Each structure stands twice: as C-alpha cells, then as structure tokens.
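In what follows, a structure is listed as structure tokens, so that the remarks can point back to it.
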Amino acid sequence: MTLPPDAALRRILEAGIRAPSAENRHYLRLRPGPDGVELISTDVDTWADRPHRRLLALLSYGAVVENMALRSAELGWALEPAWAPSPGRAELIAALAWHAAPPRADPLAAAIDARHTNRRFYRREALPASALDRLAAAAATVPGCRVLWLDDGRRRREALHLLRIAETERFRRRALHEELFGAVRFEVGWQRSTPEGLPPGALEVEPPMRAGFAALRHWPLMRAAGALGAPVVLGLRATWLPCRLAPHLGVVLSEGAPDRLELDAGRALERAWLAATALDLAFQPMAAPTALERQRPGEGWVSPRVGERLRAGLERVAAGTLARPCMFFRLGRAAPPSVATQRRPLEGYVDAG
C-alpha cells in the first residue's frame, strides 16, 4: 500500500469533499499519513443526543469514500477503505489506503463535479425504464443496498404521507426549526451561492414568499404562525407538493451489518445520484422521514406521536424486504437550479501531514 502521487491524491480528496452533506457542511477532517489517509468525524460528540445527525453524517461519509473510490479508479489507483479500524477511536470513520491498478473510466466519476440538488418542480412526464434501471443498477453495486421505486399507488401514498408529516414537524418543533433555519445563509441574499450552508436561492422559494419565509426563521413568529397552520402549509410546499408532482419517487434501502448500514447506504445513494447526473436528470434527496424516525423524542425535537407514525410508516414502505429505508429521493427532469451550492477549498478539510 502507498499513497498516490500528490497531484493524484489531491484530485481524489477533492472528489471526496464534492460528495453530498447535510446542510452543505462536511463534519470531517482528512489526515494524510505515510501509508494512507484517515477520515475523521468532527461530529461524533453530538450523536448520542441527536441520533439523526449520526444517520446523516454516516450517509455523507459513505458518499465521500465512494467519490474517492471512483476518482481513484479513474486515475489508476484502487482505494481500499478499512471502516472503523480502531474501536477505541469512535471519530475514526475509515482508514484509506491505495494500490496501483489499471485506470478505469466510469461515467459516474465524470459526473462528480456536476452533481447537485435540484429543488425546482419537476416535469411530470415519466422517464424511460432504462433510466430507472441505470440508477438502480448503480446503487445495487454496493452489497446489501438497492433502490426501491415508489411509483405504485400504495407505496407512493405511504411515502408522501411520511414526507409530509416529517417535514411539517421540522417547522413545528423548536429545536428542529432552529436546526433547519440555522443552516440557511440568509445574509448572502437570494442570488448568490455560498461554500458552506444553504444559500436561500437554492431553496427555490417563490419570490412573493421569500420575505415571509425569511421572517419565519425567528421562532416567536413561527410559533405564532403555528396557530394558523403555517407548519402544515410549509410542510406541504417544501416536500409533499414537489414529491407529489414528481414523476418518480425512490428510497435507498440497506440491509448491511449495523456498523455499516448507513455508510453503505451513503455509497449507494451517491452512485444513484451520480447516475442521475450523468443522464442530466434532476435529483433531490429527502432526509426528514428517516432522520426524524431516529431522533429521540421531546425537548423540542420530534414528538413521540410523530416518531411512532414515522417508524410504522417506514416499516410499511419496506414491507416484504429485510432492508431499512435510509433516504428518500425524487427524480425527474427540470430546469437547472436557480443557485447551486459550492464547497470550501480542500485545505479547509485537510490536516497537515
């Protein structure tokens, strides 16, 4: 095992930080050593009190490593990750090592830099079955993972119900509300992007609604508006309606070992997303149902009643499988997003070797 040359290693690590992350923030450090690179979480201390953050972080770390593996293969290197190699170091997610291999082109690798979230409304026409098959095949490359399409009546209705109640809860509960709006960088305005956090323009809020939406980031106003049903309306607009109109809904399922389930799901999610990007399709992940199902109830987080409803609904969605739903998404065709998020430079994530 050895490290790739500096120029190749930089391209590999840059591909890693191009992977998706909750709130457009990577909670990680990359620590190069003489024989490899350590992927270290900077978020572990929050996981006991906020289990949904663990789910989202591990999904992201899986996607990070998948991007690195794809770029490595393209450059003539085979990446061999050792997951959680040191039980005494919970923050050490993976130790990454490489060996030389014949270069292998992959359309997924070519799509890494173009991948983005598209929150616009999608055109309603169905996609060719071949496109859905390509996404499913890309995800199924990860052992124990697959895409379950939710385009039949019963499963689709169940998914839409879960998406609606979970997104409504994000506006209704104080801690979730603060987490949601705390990720939005209102100070950059509605036309600009940002390398960290969510630029408001990426949310695709209609111009007449922008001032009101921005005002609702203040909890006293949101709480008052709650008496008028604002969380329900926002939940419908933010998730239910875009998903209701999208031609395709899917969910990434994983049935791996408990210590690998989310990491593998993150790898499968990224592969499906890159396959969609390579086909010039619009893609938006929907994390609220699976994330809030894992959140401890109370203290301004998810209510016990909603938590139970999410757990029961997710079981119905996955009925007939041995897998666990990890991430919903919608898929279709749409105009490019008004604003796409950016990433901090690689140096912001790499420790000195």
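The values are calculated or read from the model by the stated rules, or taken from the named source; none is laboratory data. For clarity, every value in this text was computed on a predicted model and none was experimentally measured. Here Cβ is always computed from backbone atoms with ideal geometry, including for glycine, and neighbour counts include all displayed protein chains. Only protein heavy atoms, including side chains, enter the accessible area calculation; ligands, DNA and RNA are left aside. Shrake-Rupley method; radii C 1.70, N 1.55, O 1.52, S 1.80 Å.
Ellipticity at 222 nm from helices only: DSSP H runs of n ≥ 4 in the chain, each -39500 (n - 2.57), divided by the residue count, give -12500 deg cm²/dmol. Placing dummy labels 7 Å off each Cα toward the beta-carbon, the span from D133 to A319 is 2.9 nm.
Of all accessible surface on the stretch 80-169 at a 1.4 Å probe, what whole percent is carbon and sulfur?
C and S fraction of accessible area: 56 percent.
Extending 7 Å from the Cα toward the beta-carbon at both E308 and R29 defines two label points whose distance is 4.4 nm. For Cα Rg over 2.2 N^0.38 Å, which listed value, (1) 0.97; (2) 0.89; (3) 1.60, comes from the coordinates shown? Given (1) 0.97; (2) 0.89; (3) 1.60, the structure-derived one carries the label (1). Only protein atoms count toward the accessible area here, which uses a 1.4 Å probe; on the stretch 192-273, the carbon and sulfur part of that area reaches 65 percent.
For the stretch 323-353 versus the stretch 253-271, the spacing of their alpha-carbon centroids is 17 Å. Between A126 and R174, the modelled labels are 4.8 nm apart [label points 7 Å from Cα along Cα→Cβ]. Computed on protein heavy atoms with a 1.4 Å probe, the accessible areas place H248, H116, H218 in the order H218, H116, H248, largest first. With a 1.4 Å probe and all protein chains left in place, how much of the accessible area of the stretch 14-66 comes from carbon and sulfur atoms, in whole percent? Reported share for carbon and sulfur atoms: 48 percent. Rolling a 1.4 Å probe over the protein heavy atoms gives the stretch 243-341 an accessible area of 35 Å² per residue. Enter the accessible area of D280 (Å², nearest 10), with the probe set to 1.4 Å and all protein chains included. Surface open to solvent at D280 totals about 130 Å².
Rounded to the nearest 10 square angstrom, Y27 shows an accessible area of 70 square angstrom against a 1.4 Å probe. Here F181 sits with roughly 10 square angstrom of accessible surface, probe radius 1.4 Å. Once C-alpha pairs closer than 8 Å and six or more residues apart are averaged by separation and normalised to the residue number of the chain, the relative contact order reads 27 percent. Per residue, the solvent-accessible area of the stretch 1-108 (1.4 Å probe, heavy atoms of protein chains only, all protein chains present) comes to 41 Å².
Calculated FRET efficiency, R343 and E206, Cβ-Cβ r, R0 35 Å, to nearest 0.05? Could the numbers behind the result be given before it?
Details: r = 27 Å, r/R0 = 0.78.
Calculated value: 0.80.
Solvent-accessible surface of the stretch 162-239, averaged per residue with a 1.4 angstrom probe and all protein chains in place: 46 square angstrom. In this calculation the C-beta distance from R10 to R104 is compared with R0 = 22 Å, giving a FRET efficiency of 0.65.
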